[in-house]
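Everything below concerns the one structure shown next.
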Amino acid sequence: MFKVAKTQHVLAVNDFAAAVKYFTEKLGFTLNNTIGGWAFLQLDEFHLMVGDCQGEVPARDTNNHALFAYVNCEGIDKLYDQYRKNGVRFNQTISDKPWGLREFGVETPEGHRIMFGQTISA
């Protein structure tokens, strides 16, 4: 029987140290391990692999392709407030959407985008 154990998103970054610092200090990820140009991070059950890929096209130059994850979560208002206090760059402020989700979007210094959403209770 097929079962997904977990998912990990993979990002290529040009400034590895700065990216790891941003994900840990601004976005609250935990750094689990670094090995061979890779950092393994997580934010609760959101797992991320960041690769040292100097010279690659920066995410910001890929426009909408820079959106790499949608995180369904709980406690979205608290997370939004924490990110705002941490000086995180938002590409979408928090708001209720007609499709039944409360959402906001963040953007990393290299332009990677993450959306966070929570189901609006009826």
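The values are calculated or read from the model by the stated rules, or taken from the named source; none is laboratory data. Just so we're clear, the structure is a prediction, and the values are computed from it rather than from any experiment. With ideal geometry, Cβ positions are generated from the backbone for all residues, glycine too; neighbour counts draw on all protein chains shown. Please note that ligands, DNA and RNA were not included when accessible areas were found on the heavy atoms of the full protein model with its side chains. Shrake-Rupley method; radii C 1.70, N 1.55, O 1.52, S 1.80 Å.
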Problem set entry | the chain, dipole about Cα centre (Lys/Arg Cβ +1, Asp/Glu Cβ -1), debye to the nearest 20 | 180 debye
Exercise. Once you have the alpha carbon radius of gyration of segment 29-122, what is it after dividing by 2.2 N^0.38 Å, with N set to its residue count?
Worked result: 1.17
Problem set entry | Protein accessible area in the chain, 1.4 Å probe - carbon and sulfur % | 51 percent
Problem set entry | Inter-centroid distance (Cα atoms) of segment 1-30 relative to segment 65-122, Å | 16 Å
Exercise. Between Asn14 and Phe68, how many nm apart are label points set 7 Å from Cα along the C-beta direction?
Worked result: 1.5 nm
Problem set entry | Contact order normalised by residue count of the chain, Cα under 8 Å, 6+ apart, percent | 24 percent
For this session: Extending each Cα 7 Å along its Cβ direction at Lys78 and Glu56, get the distance between those two points in nm, one decimal.
Result: 3.3 nm
Exercise. Can you list the lysines whose alpha carbon sits under 22 Å from that of Lys3, skipping same-chain ones fewer than 8 residues off?
Worked result: none
Exercise. Leaving out same-chain residues fewer than 8 places away, which lysines sit with a Cα under 21 Å from that of Lys21?
Worked result: Lys85
Exercise. Lysines within cross-link reach of Lys97: Cα-Cα under 20 Å, excluding same-chain residues under 8 positions apart?
Worked result: Lys78
Problem set entry | Those GluC sites (Glu not before Pro) in segment 7-98 that DSSP places in a loop and that have at most 16 other beta carbons within 10 Å | Glu45, Glu56, Glu74
For this session: At 1.4 Å probe size, with every protein chain present, just tell me what the per residue accessible area of segment 65-122 comes to in Å².
Result: 58 Å²
Problem set entry | Exposed-site-free run, longest, the chain (rule: chymotrypsin sites (Phe, Trp or Tyr not before Pro); DSSP loop; at most 11 other C-beta within 10 Å) | 3-98
